[in-house]
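Since every read-out is calculated from the coordinates, none of them should be taken as a lab result. In this text, all values refer to a predicted model and were calculated from it rather than measured experimentally. Positions of Cβ are backbone-derived with ideal geometry, glycine not excepted, and every protein chain shown enters the neighbour counts.
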Amino acid sequence: MSARAGEILVPGAASAGKALVLTAPISFWGGVDPKSGRIADVRHPQHGEIIAGRVLFLPGTIGSSSASAVLMELVHSSNAPAAMVLHEPDAILLLGLIVAREMGWQTPVAMKLDRQHFSAFDNHRVEVTAGGMIRAVAAA
Amino acid sequence: MSLELSAGERAVAAGSDGRAMAMRIVADSARLLGAPGLIPIASAHIDGALYHGDSGTLFAERLVAGGARVAVRATLNVGALDLTGCARVRLEEPARSMARRMMEAYRKLGCEQSWTCAPYQAGHRPAFGTDVAWGESNAVVFCNSVLGARTNRYGDFLDIACAISGRAPDYGLHRPENRRPTLTFDVSDLPAAFLADETAWPVLGSLYGREVGNAVGIVTGVKKHPGEDALKAFGAAAASSGAVGLFHIAGVTPEAGTFGKIEAETTIHVTPEMAADARKRLSTAQTVDRLDAVAIGSPHLSLDEFGALERLLAGRKLSVPLYACTGRHILTELDKAGRRKALESCGVTIVADTCVVVTPILADRHDGVLMTNSGKFAQYAPGNTGYGVLYGSLADCVESAVAGRPSFAEIDR
């Protein structure tokens with residue numbers, strides 16, 4: 001089973017969940033429903049998938065200055081991913097986690113990992129440590 | 001490169017109050033952006049008071065509870081409600097109360113009750129070369145391009161955190177080397193009559209945004225200063241079709257002449273066909289035989305723009321609603337001279353503090369057709385309101401609202 005060390009972008013608790021590997025960049029604003037965590041962008045290849053509770057692999061993000069508000073709303077409504085793995089840090093998106101932490105809400109860990117490693121985790125249950133280890137533990 | 005905070009900044013961040021929270025948010029963002037440090041700012045324009053969900057209201061109230069106050073002048077962008085009572089907003093409870101609580105919290109933080117997306121026409125004009133932290137894409141692009149002050153696009157949470165801490169991350173458009181144009185957008189092939197028309201600027205802005213994305217470009221071939229309202233329309237359209245934060249126009253905007261010889265990597269030669277195509281793309285409605293509403297004022301209308309509206313309307317009664325979005329700074333002026341009353345008696349609905357694409361004001365219909373002269377409304381109305389859009393000049397908008405059906409002046413150029 002695959003294991004990789006990611007670089008911590010925003011700290012969070014250890015967690016586990018089924019991997020959701022996106023195959024195209026996504027805009028959280030307009031692309032993810034803040035009330036349900038459903039991918040709402042009809043043009044996105046993973047349209048209809050729910051990001052809540054998943055270990056979410058993001059090959060890219062499309063910047064919107066309201067992406068942070070959507071991510072914070074997902075945390076507040078308990079619809080955030082279990083962990084977030086980003087190919088590139090997106091400061092505006094991750095601001096949603098930074099502010100949620102300041103509010104004292106439990107936030108997913110966010111880490112950086114090159115997207116060439118993403119596919120090895122697809123269709124697996126994945127464990128993530130607070131230190132940034134990402135491990136596929138079982139086929140899902 | 002790692003972030004270095006000054007002793008003073010570290011001391012503030014180590015606290016437990018609202019100001020400490022704001023400083024930590026700015027510092028954490030700076031770290032993610034790869035900024036080497038923080039810089040002092042002279043003012044802020046806050047976009048974060050528009051309700052998107054309860055978490056934003058709770059955040060603002062936490063800052064208030066922590067005793068936070070803005071350290072610099074901070075104006076407010078639109079909210080989700082019209083607090084002046086001019087227009088009725090159909091926002092339902094409990095969202096309505098949460099939106100009102102949010103607006104109230106930002107007032108308590110010491111922000112000015114400007115509630116406008118055109119703060120630069122409401123007396124908030126930072127000096128050339130000063131660093132500021134502004135939100136709202138059209139205000140950001142105007143501030144950078146037309147005023148020559150320096151800001152990145154500061155979104156929700158970071159805008160108010162910068163205003164409270166008086167600091168911003170030192171990166172992006174705050175740094176002179178990132179303000180140099182790398183691309184030329186040449187309009188010299190366009191007829192002078194086209195450039196003199198008000199519709200040229202939102203149309204060219206939407207084309208510019210699509211072509212340029214987030215690069216910094218310089219527009220060449222503009223022989224006459226088109227006026228501030230035209231630059232406002234250009235920037236708003238560019239920032240809604242692309243991620244434009246700063247543009248230059250040779251001979252017009254204040255920084256354009258400061259770069260010496262510009263060796264642009266790319267030159268876009270704009271043809272009349274490209275401009276005509278960009279104009280067509282602003283309309284999304286399938287048919288031109290019906291009209292449900294007209295909306296103008298994105299960005300918020302200036303007093304001059306109200307003057308143009310009054311001249312075109314000439315006291316006639318409207319057959320479909322015309323929503324004229326503006327700020328309370330203009331409302332006060334209109335009230336003084338009895339102009340608001342005259343406009344309302346013709347059937348104009350003035351919308352203050354907010355606008356028709358950020359909160360439900362238009363009648364709720366899935367098949368509605370909206371006419372506008374704003375490139376920004378044209379961009380956002382279909383997604384945010386469900387209405388199809390017809391793009392036209394201000395004169396087209398007024399004639400259509402009077403006639404109750406779309407009416408376009410002959411375009412012979």
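Worth a mention:
- Between the range A:19-86 and the range B:29-108, the alpha-carbon center distance in angstrom: 23
- Of all DSSP-defined beta bridges confined to the protein assembly as shown, some 30% are antiparallel rather than parallel.
- Within the listed set A:Met72, A:Met103, A:Met84, the residue fluctuating most in the Gaussian network model of chain A (springs between alpha-carbon atoms under 10 angstrom) is A:Met103.
- Averaged over B:24-30, number of beta-carbon atoms from partner chains that fall within 10 Å: 4
- Inter-chain Cβ neighbour count for A:95-104, averaged per residue, equals 6 (cutoff 10 Å, partner chain atoms only).
- Phi-based couplings in Hz for the range B:188-194 (Karplus 6.51, -1.76, 1.60; Gly and Pro marked x): 5, 7, 7, x, 4, 5, 5
- Proxy reagent accessibility, fewest Cβ within 10 Å first, across B:Asp364, B:Asp353: B:Asp364, B:Asp353
- Its relative contact order, with pairs defined as Cα atoms under 8 Å and 6+ residues apart, puts chain B at 17 percent.
- Exposure proxy ranking for B:Arg150, B:Arg180, based on other Cβ atoms within 10 angstrom of each Cβ and starting from the fewest, stands as B:Arg180, B:Arg150.
- Backbone N within the range A:18-56 under 17 Å of label point (7 Å from A:Ala130 Cα along the Cβ vector): none
- Computed about the Cα centre, the dipole magnitude for the protein assembly as shown is approximately 780 debye when only Lys and Arg (+1) and Asp and Glu (-1) carry charge, each at its Cβ.
- Segment B:Ala250-B:Arg365, length gained on full extension (0.36 nm per residue, minus Cα span): 37.0 nm
- Between B:Lys224 and B:Lys317, full extension at 0.36 nm per residue minus the direct alpha carbon distance yields a gain of 29.9 nm.
- Springs join every pair of Cα atoms under 10 Å in this Gaussian network model of chain B, and among B:Lys336, B:Lys376, B:Lys232 the largest mean-square fluctuation is at B:Lys336.
- Amide H contacts under 5 Å for A:Glu49, placed H, 5+ residues apart: A:Ile39
- Near the amide H of B:Ile249, within less than 5 Å, lie the amide hydrogens of B:Val219, B:Ala256, all on another chain or at least 5 residues away, with H placed in the peptide plane.
- Residues B:Phe234, A:Phe28, ranked from the fewest to the most other C-beta atoms within 10 Å, line up as A:Phe28, B:Phe234.
- Prolate/oblate/rounded label for chain B (Cα gyration tensor, a/c 1.5): oblate
- Taking 13 Å as the cut-off, the amide N atoms of the range B:174-209 that come nearer than this to a point 7 Å along the Cα-to-beta-carbon line of B:Arg281 belong to B:203-209.
- Length gained on full extension, A:Ala16 to A:Ser119: 35.4 nm, using 0.36 nm per residue less the C-alpha separation.
- Burial order of peptide ranges B:266-275, B:58-67, B:130-139 (average beta-carbon count within 10 Å, highest first): B:130-139, B:58-67, B:266-275
- Free-standing Cys, the protein assembly as shown [no other Cys Cβ under 4.7 Å]: B:Cys86, B:Cys111, B:Cys117, B:Cys143, B:Cys162, B:Cys346, B:Cys397
- Bridge orientation summary for chain A: considering DSSP beta bridges with both residues in this region, about 55 percent are antiparallel.
- Ratio of the Cα radius of gyration of the protein assembly as shown to 2.2 N^0.38 Å, where N counts its residues: 0.98
- Remark: the range B:220-230, residue by residue, has Karplus-estimated 3J(HN,Hα) of 10, x, 9, 8, 10, 4, x, x, 5, 5, 5 Hz, where x stands for each Gly or Pro and the curve is 6.51 cos²θ - 1.76 cosθ + 1.60 at θ = phi - 60°.
- With a simple spin-label model that places each label point 7 Å from the Cα along the Cα-to-Cβ direction, the separation between A:Ser78 and B:Thr182 comes to 4.6 nm.
- Charge dipole (Cα centre; +1 on Lys/Arg Cβ, -1 on Asp/Glu Cβ; no other charges) of the range B:7-174 amounts to roughly 220 debye.
- Paramagnetic reach from B:Ala337 (point 7 Å along Cα→Cβ, amide N under 20 Å) across the range B:370-413: B:394-395, B:398
- For B:Glu263 and B:Ser6, the FRET efficiency from 1/(1 + (r/R0)^6), where r spans their Cβ atoms and R0 equals 45 Å, is about 0.75.
- Rounded if a/c under 1.5, otherwise prolate or oblate - the range B:180-281, Cα gyration tensor axes: rounded
- Lys pairs, chain B - Cα-Cα below 26 angstrom, 8 or more residues apart or on other chains: 14
- For the range B:7-174: rounded, prolate or oblate by the Cα gyration tensor [a/c cutoff 1.5]: oblate
- Cβ charges +1 (Lys, Arg) and -1 (Asp, Glu), total dipole of chain B, debye: 760
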